[in-house]
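This report concerns only the one structure given below.
The values are calculated or read from the model by the stated rules, or taken from the named source; none is laboratory data. Every value quoted in this text rests on a predicted model; they were computed, and no experiment measured them. Here the Cβ positions follow ideal geometry from the backbone for every residue, glycine too, while neighbour counts run over all protein chains shown. These accessible areas exclude ligands, DNA and RNA; they are computed on the full protein's heavy atoms, side chains included. Shrake-Rupley method; radii C 1.70, N 1.55, O 1.52, S 1.80 Å.
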Amino acid sequence: MRRRPTLETERLILRPPCERDFTAFAAMMGDAEHVKFIGGRQPPSLAWRSLASMVGSWAMRGYGMFAVLEKDTGRWVGQTGPWKPHDWPGNEIGWALAPGAAGKGYAVEAASAAMDWAFDHLGWTEVIHCINPHNTASIRVAERLGSVRLGRVQCPAPYDKVESIAWGQTRDAWQGRKAA
Amino acid sequence: MQAPGPTLETDRLILRPPAPEDFEPWCEMMADEETARFIGGVASPSMVWRQLCSMAGAWTMFGYAMFSVVEKSSGRWLGRLGPWTPADWPGTEVGWSLSRAAWGKGYATEGAAAAIDWAFDNLGWTEVIHCIDPENLPSAAVARRLGSAYLRPGKLPPPYETAQVQIWGQRREQWKGRRAVA
């Protein structure tokens with residue numbers, strides 16, 4: 001079974017990543033200041049490998065991060081969703097927005113939809129978000145999603161030298177809050 | 001789930017797109033210093049997972065990438081080989097790496113020949129190259145057996161920017177001409 005889900009929120013479309021996303025994805029990963037908390041700048045040849053591995057996670061496991069598109073413009077504005085590389089410290093729901101897409105609530109809007117999908121389709125009972133302790137913008141997104149600080153975690157290579165704090169919540173907490 | 005793509009068969013080998021079950025033998029290959037030496041060095045399982053995923057993702061995005069090589073007689077995963085053109089790559093590569101247990105049997109030449117046939121027939125390529133470390137004599141011997149010649153010195157993009165490579169290769173007409181005679 002190959003899943004190619006498309007999710008829709010008020011302002012955004014979420015779909016599995018594809019080759020058309022490369023230019024925008026590489027532009028984001030090439031902006032050193034913008035990606036300093038998520039592993040640092042990647043030249044196009046490394047961004048190509050990152051995008052390919054995201055697409056490959058979809059191909060092999062049936063999930064990965066979604067590409068996030070702005071409905072109004074069709075523009076690629078980032079990625080979010082389930083992501084669990086080998087030896088990862090938990091079931092990650094991650095997010096990264098393109099420069100220029102920040103400050104609009106897109107990360108919370110998109111990550112919420114991705115989290116609903118992950119809890120409904122992957123059998124996950126808990127999610128985490130690994131966040132650099134200095135990344136205040138992402139910490140705010142985690143808090144708005146209702147996640148709480150769980151503690152320091154060790155991520156595997158290539159993030160083994162990066163400081164990461166896990167934030168997260170259980171499925172029961174997420175679905176209870178949505179129901180209320 | 002296996003990545004989408006064709007399956008090829010040679011006398012002794014099956015070539016198919018990568019699949020999750022390739023992860024463990026791929027980790028073993030990338031943990032072996034001598035095998036990994038010319039393909040970026042020893043890699044941890046978490047890095048191998050990303051390599052495997054990017055190979056599977058390239059199949060999904062572009063309709064080609066390296067095949068996983070499986071020995072027909074044993075069902076064992078032996079390595080990966082085939083077309084591979086990451087961003088900023090110096091040409092249309094057909095590359096190969098086999099785990100140590102598969103060396104010395106002519107498997108690389110047998111598999112790469114099938115992959116080159118497939119690439120020329122399906123990808124519209126007019127040339128195939130192989131990026132080979134000058135100290136990697138076994139791979140240079142495979143290139144020679146495939147009929148490729150040393151073309152020029154080359155540079156690879158990150159993460160291989162410090163690697164020293166020689167570019168071997170041949171034109172489509174050379175390959176087709178030789179296959180027609182054979």
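Do you know which residues across segment B:38-51 are open to solvent by less than 50 Å² (accessible area, probe 1.4 Å) and within 7 Å of another protein chain (Cβ to nearest Cβ)? Listed by number, the residues that qualify are B:44, B:46, B:49, B:50.
Of the residues making up segment B:57-83, those that are within 14 Å of the chain's Cα centre (by Cα) and within 11 Å of another protein chain (Cβ to nearest Cβ) are B:58, B:59, B:65.
Every residue, every condition in (1) touching a residue at least 24 places away in the same chain (Cβ under 8 Å); (2) assigned to a loop (DSSP other than H, G, I, E, B), yes or no:
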residue: A:14; (1), (2): yes, no
residue: A:17; (1), (2): yes, yes
residue: A:21; (1), (2): yes, no
residue: A:35; (1), (2): yes, yes
residue: A:39; (1), (2): yes, yes
residue: A:46; (1), (2): no, no
residue: A:60; (1), (2): no, no
residue: A:68; (1), (2): yes, no
residue: A:73; (1), (2): no, yes
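Screening residue A:58 on (1) within 18 Å of residue A:6 (Cβ to Cβ); (2) crowded, with 21+ Cβ neighbours inside 10 Å; (3) touching a Lys or Arg at 6+ places or on another chain (Cβ under 6 Å) shows it passes everything except condition (3). Scanning segment A:3-24 for residues that are more than 11 Å from chain B (Cβ to nearest Cβ) and either among the aromatic types (Phe, Trp, Tyr) or within 13 Å of residue A:76 (Cβ to Cβ) (or both) yields A:12, A:13, A:14, A:15, A:24.
Here the condition is being open to solvent by 30 Å² or more (accessible area, probe 1.4 Å), away from every other protein chain (no Cβ under 14 Å) and either within 28 Å of residue A:178 (Cβ to Cβ) or not aromatic (Phe, Trp, Tyr) (or both); of A:140, A:41, it holds for A:140 alone. Name every residue in segment A:44-72 that is charged (D, E, K, R) and away from chain B (no Cβ under 12 Å), in order of residue number. Across segment A:44-72, the qualifying residues are A:70, A:71, A:72. Here the condition is being hydrophobic (A, V, I, L, M, F, W, C) and either within 14 Å of chain A (Cβ to nearest Cβ) or assigned to a loop (DSSP other than H, G, I, E, B) (or both); of B:163, B:119, B:108, B:114, it holds for B:163 alone.
Looking across B:99, B:139, B:148, B:54, one residue alone is within 13 Å of another protein chain (Cβ to nearest Cβ), open to solvent by less than 40 Å² (accessible area, probe 1.4 Å), within 16 Å of the chain's Cα centre (by Cα) and not aliphatic (A, V, I, L, M). It is B:54. Hand me the list of helices (runs of 4 or more DSSP H) wholly inside segment A:79-180 holding 1 or more residues that are within 12 Å of the chain's Cα centre (by Cα) and hydrophobic (A, V, I, L, M, F, W, C). Here the list reads A:106-121, A:136-144. Among the conditions (1) surrounded by 18 or more Cβ atoms within 10 Å (Cβ to Cβ); (2) touching a Ser or Thr at 6+ places or on another chain (Cβ under 8 Å), residue A:101 misses just one, which is (2).
The rows are residues; the columns are (1) within 18 Å of residue B:46 (Cα to Cα); (2) open to solvent by less than 20 Å² (accessible area, probe 1.4 Å); (3) not aromatic (Phe, Trp, Tyr).
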{"site": "A:45", "(1), (2), (3)": "no, yes, yes"}
{"site": "A:53", "(1), (2), (3)": "yes, yes, yes"}
{"site": "A:64", "(1), (2), (3)": "yes, yes, yes"}
{"site": "A:76", "(1), (2), (3)": "no, no, no"}
